[in-house]
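Please treat every number below as a calculation from the coordinates, not as lab data. For clarity, every value in this text was computed on a predicted model and none was experimentally measured. Here the Cβ is made from the backbone with ideal geometry for all residues, glycine too, and neighbour counts use every protein chain on show.
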Amino acid sequence: MWKQRISALLLLVIAFGIGYFAYDKAGTNASDSVTPSRFPYRLGLDLSGGTHLVFRADTASLPESEVSEAMQSLAQAVERRVNVLGVSEPLVQVEEGGTVGTTEHRLIVELPGITDVKQAVDAIGKTPTLDFRLMKPGSENLTPEEQEKATFDDVFVTTGLTGRYLKRATLQFNPTTYAPEVGLQWNDEGAKLFAQITRDNVGKPLAIFLDGAPISIPRIQTEITSGEAVINGTFKVEEAKALVRDLNYGALPVPVSLASTQTVGATLGQGALNASVHAGLIAFIAVAIFLIIWYRVPGLVATIALAIYVALNLALFKLVPVTLTAAGIAGFVLTLGMAVDANILIFERMKEEIARGKKLPEAIKEGFHRAWLSIRDSNLSSIITAIILYYFASTPIVKGFALVFGLGVVVSMFTAITASRTLLIAVAPRGERALSRFLFGSGFIPKKSSR
Amino acid sequence: MFIVRNRAVFYSISGILCVAALVALFAWGLKPGIDFTGGSIVEVAYDNASSTRPVVTAESLGLEGASIRETGSNGFIIRAKELTPEEHNTLLAELGNPVEKRFDSVGPILGKEALQKSWMSIGLVLLAIVLFITFVFRRVSRPVSSWKYGLIAIVGLAHNILIAAGAFALFGHLFGFEIDTLFVTALLVILGFSIHDTIVVFDRVRENLRDDSKGRKAFDELVGESVRATFVRSVNTSLTTLLAIVVLYLVGPEATKHFSLALAIGIAAGTYSSIFLCSPLLVSAFKWQGGNK
């Protein structure tokens, strides 16, 4: 008996710890000023506000073997451009889709906090911007801390020399190191500008910016009047090749077209998040009240098991991590109602065993034992549904729901069996007094003690 | 016993509901949303202080065939063909740059794919469930063979799905509800949940058959007993699930309101069918095959 009580106590302590871990909301909202948690909740764009874009890539002109590589370089290019938008945690990923018999390559771009679709799409589809910048006077002597804090605009000033003056870019190799380089040829106007900049700033660094970020900061050795410049960053041949192509043609490595857009404003997202959390809380309370009124002590045990279920699930959302959407939280609320099913099955079985004249502890054991088959079979059908939903999800909304729903069903099987049994055995009285019969009974009409 | 004895009454209730659902589906049909057809939805609101809602029509916005609905005290939901980012910006400018709450745009190809995937997942879930039931009940053959359990379960599922879909055809007609991928998800969850309910009842029949291996009890009596034993559990489980869903419908975000409504209808129908339709059908199947014991 004491052994069971100690294990029940241990279970509660562990559950409390998990609950505390799940309760720690730090870092969930980007705007939180508190120190970011290592495991924040991840909110989907429909709750945090932002833009979800799906681009279709036109890979028709590429041989099948090169498609996946081309898609990867497309994703990299888009990622570089998205970063310029100043998005906190952008997501760029390649996906395959298409109707039966066709394969389509897609690029998914998620931009939290961005609601101006046109700006985002323009930024992604645009020609890479190349420009040359000089360091501001005095910024060379910054301490490392100051450099860390400074933005590019604090340190560099634009020179007016940009990719607009570019005549041609070529791939070439350094004659001494054989490292790949990108050769730039300016047009007449650009050549003049370049000559002037190099003449006035001999000995100073001249930064080459691509898409708003410096890729190489060479020092000006001497005035250059030939109208040619060389970018010799630490390129791999492929990168240099891609840059040359981008500079010459201004296009993404694979042409893309916008296939779908979803934008949710921050206010609507915040409102949806609050509503979802409220729904979860109230649903929990409603189910708990029902359980305790109908099943009394076992109902209280089931409520504690349900609380453990919630804590465990929330902790998993952080650890996996699961991106929570409105549909995902709806799935979670749904499993709140379903998770107690296993408990109800067990309690009803217990009641029958008691009616057959078994003593309480024995009835508890028998109830758990006999209910297990039903619990397993009936939950399996929900798990199958969740798996199929997940793999055939046509929208991220459905996928988010399926993941939370499936996870919930699996966790609920665990908590209903393990947690409820441990707790119920721990609190079960050994006597057969009328009070304990009442407390462990159920329903509104007191059951006759024998039939 | 009561349920098995009065099964004709319960069959007629189900029958009437199913016929009504079919009529609604044929008369009005389900309205597919932009998830399936492609198109755009723009939801905007105006600050009460600085600007008020202008009077606009589809023509004045240059969006032919667009539907414009006023929401709340100061907003619009506009449904139109697929808008490019440029057209979208033009639209916002013409509306006087209100606060944009939501902008969804789906291309026709993605819509077609979503539709196809939805049908595929419905088909697969049904197939998986038939196989699953046949497997679970593979050892039960006396006096009703295992495939009949599967078939009856499918009848129950069809009943639940039909009622949920019929209700949405009605809502589509009355309130302009559209169905989206989340609605299909709700249907699949109803499938999974109601089979879960039916399995618990059938499980008990199976167990009672095993306990009564000498065949002392009449089959209809045995089914009646099984239903009675699982009745409270079925109702209570559905009640807790319905409680959670109703809360979600009342308190939850706008985005999942239709979803929770579909679930509530389907799960209520599912509880009814597993108690009042599927189990009595087992007895009927037994009688039809000429069994009298």
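Values for this structure:
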{"item": "For residues of B:102-115, the mean tally of beta carbons on other chains within 10 Å", "result": "6"}
{"item": "Within region A:303-342: backbone nitrogen closer than 15 Å to the A:F21 label point (7 Å, Cα to C-beta)", "result": "A:308-322"}
{"item": "Region B:195-273-region B:77-131 distance, computed between alpha-carbon centres (Å)", "result": "35 Å"}
{"item": "Cα→Cβ-extended label distance, 7 Å offset, between A:V277 and A:I217, nm", "result": "4.2 nm"}
{"item": "Equivalent ellipsoid, chain B (semi-axes from 5 times Cα gyration tensor eigenvalues, Å)", "result": "49, 18, 15"}
{"item": "Region A:54-101: projected area of the alpha-carbon convex hull, averaged over directions, in nm²", "result": "4.0 nm²"}
{"item": "Alpha-carbon centroids, region A:380-426 and region B:16-32: separation in whole Å", "result": "32 Å"}
{"item": "Directionally averaged projected area (convex hull, Cα atoms, region B:207-253), nm²", "result": "4.1 nm²"}
{"item": "Burial order of peptide ranges A:421-427, A:314-320 (average beta-carbon count within 10 Å, highest first)", "result": "A:421-427, A:314-320"}
{"item": "Relative intensity, log₁₀ I(q)/I(0), of region A:155-222 from a Debye sum that treats every alpha carbon as a point, q = 0.12, 0.19, 0.25 Å⁻¹", "result": "-0.34, -0.90, -1.40"}
{"item": "Cα-based reach from B:K214 at 15 Å (exclusive), listing aspartates and glutamates while leaving out same-chain residues under 8 positions away", "result": "none"}
{"item": "Largest-first principal axis extents, alpha carbons of region B:203-293, Å", "result": "56, 24, 14"}
{"item": "DSSP beta bridges in chain B [antiparallel fraction, %, rounded to 5]", "result": "95 percent"}
{"item": "Translational diffusion coefficient (Stokes-Einstein; Kirkwood radius from C-alpha pairs) of the protein assembly as shown at 37 °C, 0.692 mPa s, in µm²/s", "result": "110 µm²/s"}
{"item": "Label-point separation, B:S73 to A:A60 (7 Å along Cα→Cβ), nm", "result": "5.3 nm"}
{"item": "Peptide A:281-290, shielding by other chains (average Cβ, 10 Å cutoff)", "result": "4"}
{"item": "Extension gain (nm, one decimal) between A:K358 and A:E228, 0.36 nm per residue minus Cα-Cα", "result": "37.3 nm"}
{"item": "Average other protein chain Cβ within 10 Å of Cβ, residues A:349-355", "result": "1"}
{"item": "Nearby aspartates and glutamates by direct alpha-carbon distance to B:K112 (threshold 15 angstrom, same-chain neighbours under 8 apart not counted)", "result": "A:E104, B:D35, B:E82, B:D180"}
{"item": "Under 17 Å from B:K287, Cα to Cα: lysines that are on another chain or at least 8 residues apart", "result": "B:K148, B:K217"}
{"item": "Efficiency of FRET from Cβ geometry, A:R80 and A:R370, R₀ 60 Å, rounded to 0.05", "result": "0.45"}
{"item": "Mean shadow area of region B:39-106, taken as a quarter of the surface of its Cα convex hull (nm²)", "result": "4.0 nm²"}
{"item": "Distance histogram for region A:312-390 (every C-alpha pair counted, 10 angstrom bins, percent rounded to whole numbers)", "result": "16, 35, 27, 16, 5"}
{"item": "Computed P(r) (all Cα pairs; region B:90-221; 5 Å bins; percent)", "result": "2, 8, 14, 14, 13, 11, 9, 7, 6, 5, 3, 2, 2, 1, 1, 0, 0"}
{"item": "GNM result for chain B, Cα springs below 10 Å: residue of B:T256, B:T181, B:T37 fluctuating most strongly", "result": "B:T256"}
{"item": "Of A:K204/A:K236; A:K318/A:K351; A:K3/A:K359, those spanning more than 29 Å from alpha-carbon to alpha-carbon", "result": "A:K318/A:K351"}
